[in-house]
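Participant: Please read through the structure below; I'll follow up with questions.
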Amino acid sequence: MQSVLKDVGFAFGQLRKAPGLAALAILTLALGVGANTAIFTVIESVLLRPLPYAHSDRLVYIGPPDQQGFGSTSWLNYRDIRDQSRQMQAVAGYSDDIAVIENHDGSESVVAPRITSNLIPMLGVQPLMGRVFLDSDGLTGGPQVALIAEGLWRESFHADPNVVGKTMKISGKPATIIGVMPGSFHFPEEIGSDINKAVWLPVQPTGEMLADRGYHFFNIVGEMRDGVTAAQAQREVDAIASHIPKQDSGDSYAFQVKSYQEVLTGSARPVLYALFAALGLVLLIACANVSNLLIARCLGRQQEFAVRAALGASRLRLVRQLLAEGLVLSLLGCVVGVLLAELAMTAIHKLPDGTIPRGNAIGVHWAVALALAAIAILTTVLSSLLPALLVARANPQAALQAASRGVGARSVSGRMSGWLVAGEVALSTLLLVGTGLLFHTLWNLQKSQLGFETAHITTFTAMPADAAGFSAMAVSQDTEHAKPSVATVTYLPLLEQMRQQPGVQSAALVTSPPFSGANVGTSFSVVGRAKDPSNRPQARITAVSGEYARTLGTPILRGRMIDDSDAATAPLVVVINETLAKKYFAGTDPLEKQLDLGGKDTGMLRPFTIVGVLADQVDATVGGTVQPLLMLSQQQVPTTSLFYQALLETVVSFVVKTRGAVPVAAEMRSVFHEAAPGFALDNFQTMQEAVDKNTFSKRLGLYLVGSFAGLAIAMVIAGLYGVLSQLVSYRRREIGVRMALGATRGSVAQLVLRQGSTLIGAGLGVGLLLAFVAARLIKGFLYQVPALDLWTYLAVALLLAAIGLVASFLPARRAASIQPMEALRTE
């Protein structure tokens with residue numbers, strides 16, 4: 001131990017003699033270590049760390065197959081799986097919902113998941129105070145009770161210790177608070193940070209839920225029994241699903257069983273691993289650069305090592321000394337890297353909500369400390385091993401003799417440095433190709449057709465105080481005494497006032513605007529066309545007011561758009577988007593065709609006539625697939641139908657176009673305060689902000705990979721410059737002899753440039769080959785860009801060739817300026 005401490009102390013002394021080299025090496029390693037520590041922290045927190053629930057490794061999500069995320073099903077399907085499963089310890093369910101609560105600041109919209117009474121016990125979470133739901137709370141017509149989040153308790157109830165038992169209004173109805181859930185409880189996890197101010201309500205099955213197996217607003221989670229595998233659970237669920245068609249007429253059902261955590265983080269998994277791989281390349285480049293610096297320093301210390309060997313130092317002693325120097329550099333690099341990782345963590349926590357699943361759980365854990373220790377060992381080995389081996393193989397007598405002749409480029413050390421630089425170039429080529437492909441993707445996304453304008457358009461959401469939510473939808477049978485529509489009573493007068501505000505050019509209502517995430521779907525049939533029960537047409541459905549297309553600037557391809565004159569008493573009309581027209585009316589004219597939207601099953605008793613075809617608008621993501629869309633007049637949605645509650649009684653959006661960059665939030669709040677004071681307004685944003693948020697992940701990926709590539713290029717420049725400068729320094733005598741024998745300064749410069757070009761060319765060739773092999777791995781991140789985009793590969797090759805010339809120019813100029821007599825005299 002004492003000898004190790006002596007080695008470390010001597011290593012500090014040696015590094016103090018070369019402060020420039022030490023600072024450059026430490027900074028190089030710090031950048032690589034810091035970035036890798038930050039991304040591994042994210043991966044460990046999001047992908048590897050168990051969810052904060054009991055037996056989270058056995059927690060599974062059961063939903064429709066081939067879903068990218070969370071696919072919903074019906075209460076009846078949940079009940080069958082719950083009652084018939086033997087491989088599950090417990091099966092619970094929930095539905096995402098929203099509600100309006102009334103507090104001292106007025107009405108506020110919150111997320112309000114509805115959960116079965118057995119869900120929280122299954123997760124093994126205890127309330128902060130009070131109790132959780134009982135089985136009696138989940139019965140049809142059961143008591144109106146609620147659990148509230150700790151964040152809501154602290155903010156709206158000022159951390160009142162006597163809050164349990166008090167009553168609060170939720171969507172216009174009084175509910176008794178029975179408990180407060182701790183801040184660490186974030187279920188359903190997919191909701192994001194909004195869950196911090198949530199209210200949880202018990203699922204109380206409605207008549208519609210108990211009768212209609214097609215009522216898909218329910219999510220199933222289960223806990224497998226100890227020792228049961230996902231494959232065994234899948235086989236059991238398949239068996240249960242196979243009996244469903246025998247019990248109810250209609251579609252057949254299929255479900256897949258997946259780890260809840262994998263479903264939750266599935267979209268982020270390939271992105272995070274891709275970034276980790278890119279940062280691994282950066283760390284390898286950093287280690288190669290430090291190794292090159294140490295090799296260069298070893299070339300200058302060959303006499304020192306030769307003298308020490310001649311005085312009795314063993315090869316092991318010299319190797320151990322160099323490893324100690326590498327260890328000191330690595331440890332210092334790790335210390336600075338941790339500080340950089342902390343800065344990166346601060347930046348990550350400021351990312352928009354939803355950018356990274358489970359973003360609230362990201363933090364340093366013991367696994368990160370172990371990974372950091374492994375990185376420190378890895379960087380020590382990678383950066384110090386080659387210099388140490390070169391010293392171990394060195395012949396002291398030859399080194400002393402070489403002192404009088406200089407060190408040639410063909411020495412083992414010189415060749416090794418060249419190989420390392422070529423390796424850096426190859427790895428940098430991979431990063432540059434990825435950057436180029438992502439840049440091309442982002443360019444295509446920005447130039448892609450959105451189907452609407454973004455300039456001077458603002459959107460916001462509005463929820464009435466008695467918002468019904470999505471979980472209690474039902475068809476009313478009392479058609480003779482239907483209540484008046486909120487569209488006619490409230491929204492039309494509001495729109496008129498909004499359009500009269502200063503600076504407002506137009507305003508419209510829409511229940512599912514682009515990027516809203518609101519996704520109410522329906523099946524339909526074309527009147528007069530034979531029905532196929534196994535292949536019913538599907539589409540998203542939204543309600544709009546007049547001026548919707550005009551406000552967003554979306555072209556009307558055929559016919560006309562919905563107008564405010566399309567009142568409840570007027571003929572029922574529907575406008576379809578271009579995708580629906582192409583998919584279900586290919587080769588025919590859709591105008592004047594009639595659509596049946598479910599009849600008695602949905603409360604849409606009369607057919608709707610197609611009067612127009614609207615150009616496609618971006619739906620969920622820029623560059624994503626556009627879904628078929630049906631647009632109804634807000635006034636013509638029957639108040640007795642399922643769609644009335646889902647589209648108009650829960651949450652609606654408004655779009656406002658102004659004559660310039662005019663903020664509208666204050667004016668809109670004033671309009672609602674006068675005409676509809678109980679409404680909760682939220683989510684004010686411009687359409688450009690919505691587009692930017694939607695493409696943020698891709699832009700972030702480009703910025704990150706681009707910064708990695710920029711860092712790699714800087715290291716390549718430093719490495720190539722350092723190698724060529726050292727070789728010029730060690731070959732001064734050779735260059736002096738060449739020039740004394742008649743070599744011109746131009747030929748000497750060409751010698752150095754040729755050597756630099758050889759290193760760049762070799763690394764570039766290998767790198768392009770690696771990029772060609774790895775191209776298919778990044779295909780899923782691209783949009784309208786082939787993975788083997790020749791223009792990108794050509795641009796990378798030209799860029800690295802130019803970088804090689806720049807990095808070689810100064811050493812070549814320095815070599816050409818050597819005076820022969822001075823070089824010979826010095827040697």
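The values are calculated or read from the model by the stated rules, or taken from the named source; none is laboratory data. No experiment lies behind these values; they were computed from the predicted model shown. In this analysis, Cβ positions are derived from the backbone assuming ideal geometry, glycine residues included, and neighbour counts consider all displayed protein chains. Each accessible area value is taken on the protein alone, full model and side chains, heavy atoms only, with ligands, DNA and RNA left out. Shrake-Rupley method; radii C 1.70, N 1.55, O 1.52, S 1.80 Å.
Participant: With a 1.4 Å probe and all protein chains in place, put Arg114, Arg16 in order of accessible area, largest first.
Facilitator: Arg16, Arg114
Participant: A further question on this structure: Nearest 20 debye, what's the magnitude of the dipole of region 170-280 about its Cα centre given +1 on Lys and Arg Cβ and -1 on Asp and Glu Cβ?
Facilitator: Roughly 140 debye, rounded to the nearest 20.
Participant: Further question on the same structure: In region 28-126, if every C-alpha pair distance is counted and binned at 10 Å from zero, what percent goes to each bin?
Facilitator: So the P(r) values, bin by bin, are 11, 27, 29, 20, 11, 2.
Participant: Between Asp226 and Ala802, what is 0.36 nm times their sequence separation minus the Cα-Cα distance? Round to one decimal in nm.
Facilitator: That pair, Asp226 and Ala802, stretches by 201.3 nm at full extension.
Participant: Related question: Would you list Leu331, Leu281, Leu343 from the most to the least accessible area, probe 1.4 Å?
Facilitator: Leu343, Leu331, Leu281
Participant: Turning to a different aspect of this structure: Using a Förster distance of 30 angstrom, determine the FRET efficiency expected from the C-beta separation of Lys583 and Ser267, and round it to 0.05.
Facilitator: The calculated FRET efficiency here is 0.70.
Participant: On alpha carbon coordinates alone, what is the Rg over Rh value for region 146-257, Rh being the Kirkwood radius?
Facilitator: Result: Rg/Rh = 1.09.
Participant: Could you tell me the center-to-center distance, by alpha carbons, between region 565-595 and region 168-246 in angstrom?
Facilitator: Computed from Cα coordinates, the inter-centre distance equals 36 Å.
Participant: Counting Lys and Arg as +1 and Asp and Glu as -1, each charge on the Cβ, what is the dipole of region 68-146 about the Cα centre in debye, to the nearest 20?
Facilitator: Value, rounded to 20: 420 debye.
Participant: Can you list the HN-Hα couplings for region 428-445, worked out from phi with the Karplus curve (6.51, -1.76, 1.60; θ = phi - 60°), rounded to whole Hz and with x for Gly and Pro?
Facilitator: So the J values, rounded to whole Hz, are 5, 4, 4, 5, 5, 4, x, 4, x, 5, 5, 4, 4, 5, 5, 4, 5, 5.
Participant: Based on the Cβ-Cβ distance from Ala620 to Ala23, what FRET efficiency comes out when R0 is 35 Å, to the nearest 0.05?
Facilitator: It comes to 0.10.
Participant: What FRET efficiency comes out for the pair Ile191/Thr744, r = Cβ-Cβ distance, R0 = 51 Å, nearest 0.05?
Facilitator: Using R0 = 51 Å, I get an efficiency of 0.10.
Participant: Restrict the search to region 131-234; then list the chymotrypsin sites (Phe, Trp or Tyr not before Pro) that DSSP places in a loop and that have at most 11 other Cβ atoms within 10 Å of their Cβ.
Facilitator: Passing both the DSSP loop test and the Cβ count: no residue.
Participant: Same structure, new question: Full extension from Val335 to Leu794: what is 0.36 nm times the residue separation minus their Cα-Cα distance, to one decimal in nm?
Facilitator: Contour length minus Cα-Cα distance gives 161.3 nm.
Participant: Let me ask something else. Of Pro663, Leu702, Leu632, which is farthest on the positive side of the dipole of region 630-714, counting Cα position, with +1 on Lys and Arg Cβ, -1 on Asp and Glu Cβ, and the Cα centre as origin?
Facilitator: Of the candidates, Leu702 comes out farthest on the positive side.
Participant: Report, in listed order, any pair from Lys483/Lys657; Lys447/Lys698; Lys350/Lys447; Lys258/Lys583; Lys531/Lys600 with a Cα-Cα distance greater than 20 Å.
Facilitator: Result: Lys483/Lys657; Lys350/Lys447; Lys258/Lys583 exceed 20 Å.
Participant: So if each residue of separation counts as 0.36 nm, and I subtract the Cα-Cα distance between Arg754 and Gln89, what length gain in nm does that give?
Facilitator: 232.4 nm
Participant: Could you list which residues have their amide H under 5 Å from that of Asp97, counting only those 5 or more apart in sequence or on another chain, with H placed in the peptide plane?
Facilitator: Under 5 Å from the amide H of Asp97: Ala112, Arg114.
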